[in-house]
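One structure below.
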Amino acid sequence: MRQRVAQLSQQRLQLHLQIRKLFPKYEQMLRPRAPTVKEVAAQLGDDEIFVQTLSTSLGTFVWAIDRQHGLVGTFSKLDEATVTQLVQRLRVTLDVAGQGTRAPKFDFAAAAQLHAALLQPLATSLEGKLHLIVSTSGALAQIPFAALVSAPFTGPPAQAPWPIKQLAISHVPGASAWMALKQLSQTKSAAQAFMGWGDPLFDARQVALAGSTRHIDLTRAVPATAGDELVRNAIKYSQIPALPETRAEVQAIAQLLKADPQQDTHFGQDASRESVLQSSQSGQLAQRRVIVFATHGLIPGDLPNLRQPALALAANSTAETDPLAPLLTLQDVLSLKLNADWVVLSACNTAAAEGRAEEALSGLARGFFYAGSRSLLVTHWSVESESASLLTTGTFAHQIANPGSRRAESLRQSMLKVMAQPQFAHPTFWAPYALVGEGGR
């Protein structure tokens, strides 16, 4: 066993060296030089603040950087295990869009306790700020900070003290990655507006409409060496639920951005991995500012032998015998050539979920950043289709009406509009989307 561990360690080292040689920009994004406080502060506007959190067995460390105060650090006795428990409590009352009247009430107590540990000690630094840029890891990566509350609350959700009422929020993998994205933002934006994929045909015989919640039940953690029984019980590609409601969402965004519906939208059998790769190879993707994938996000273990995060696209002729063939995997994403202000992953499981999903899909996000996207709009739980469509279209409507506005501010304004509708006041409807990456202009 020691000999085998030594062999694997050597193989791992060789792979790292190959990646460093073949993909230097990706290596820089994964293992960049840590920026100094002055370098981070220099990239911030006067109304912006960068916050980094780290939960350990001793407690939770929080650091904040802004132009006025430089570096400010705080410490909470809320240790990693407690943070994980609070996040789990929150997710139980957030991932409930499909439960209807059976849905539990939102856990305001857990949300307030997390806010008290993470943001309340920074109250002085947060004064006058309009844009919060936050970097988290572990359990905290499984929730958007928009779902915290600044004080204990028991009233109607729309009246709660949500931070999003004052602050636009961007989530980033880390300070170094954010600095790299700031540099990318200095390049000229793409000339054309939009390209989108939605309502993929997972089975040629699909005729039934899906429900109102974009949800997928899969056999988790099916390794490549799993027994025959596990593999037999894993979902077949043709059993992945259809998403016909995503067609209208993609069409609405295309119409807002004045895109060509014939050339710029891909549905059904055309919403395929092959069409994505071909659009990249032809240079069309690199000419689009907004790119939308309205489909299911998968993580390692969702399908037999799936070892990397992926997006489920239209089935091809080999889907039944090789369920991985139709997937747009992380490896594919790394090969794309983009110059996008936005990549929208509008479905379920595209940001975080139980287990190690937040790490796997963080890799997918990094892949899109490496390919040339400045920001991603991703979902933290299964979304309800009507509210999801209102959120995405509202975000771009605000951007069009306010071209000088931050991307994070456009999402914030859309969240507030959806929250104001009584049937969507619960955060399960208005808070599932998080802006990951450069949330500025």
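The values are calculated or read from the model by the stated rules, or taken from the named source; none is laboratory data. Everything numeric here is computed off the predicted structure, so don't read it as measured data. Note that each Cβ is placed from the backbone with ideal geometry, even for glycine, and that neighbours are counted across all protein chains shown.
All conditions in (1) modelled with pLDDT under 95; (2) within 26 Å of residue 166 (Cβ to Cβ) hold for residue 88, with the sole exception of (2). Can you find a residue in the stretch 346-365 that is at pLDDT 90 or above and in contact with a strand residue (DSSP E or B) (Cβ under 6 Å, 6 or more places away or on another chain)? No, the stretch 346-365 has no match at all. If you check 117, 160, 141 for being in contact (Cβ under 8 Å) with a residue 24 or more places away in the chain, over 19 Å from residue 63 (Cβ atoms) and among the small types (Gly, Ala, Ser), only one passes: 160.
Number of residues in the stretch 91-128 that are among the small types (Gly, Ala, Ser) and in a loop (DSSP other than H, G, I, E, B): the value is 4. Would you call residue 98 over 30 Å from residue 337 (Cβ atoms), in the same structural domain as residue 176 (by TED's automatic domain parsing) and surrounded by fewer than 15 Cβ atoms within 10 Å (Cβ to Cβ)? For residue 98, the condition - over 30 Å from residue 337 (Cβ atoms), in the same structural domain as residue 176 (by TED's automatic domain parsing) and surrounded by fewer than 15 Cβ atoms within 10 Å (Cβ to Cβ) - is not met.
The requirement of being touching a residue at least 24 places away in the same chain (Cβ under 8 Å) and over 16 Å from the mean Cα position of the chain (by Cα) is fulfilled nowhere in the stretch 373-382; no residue meets it.
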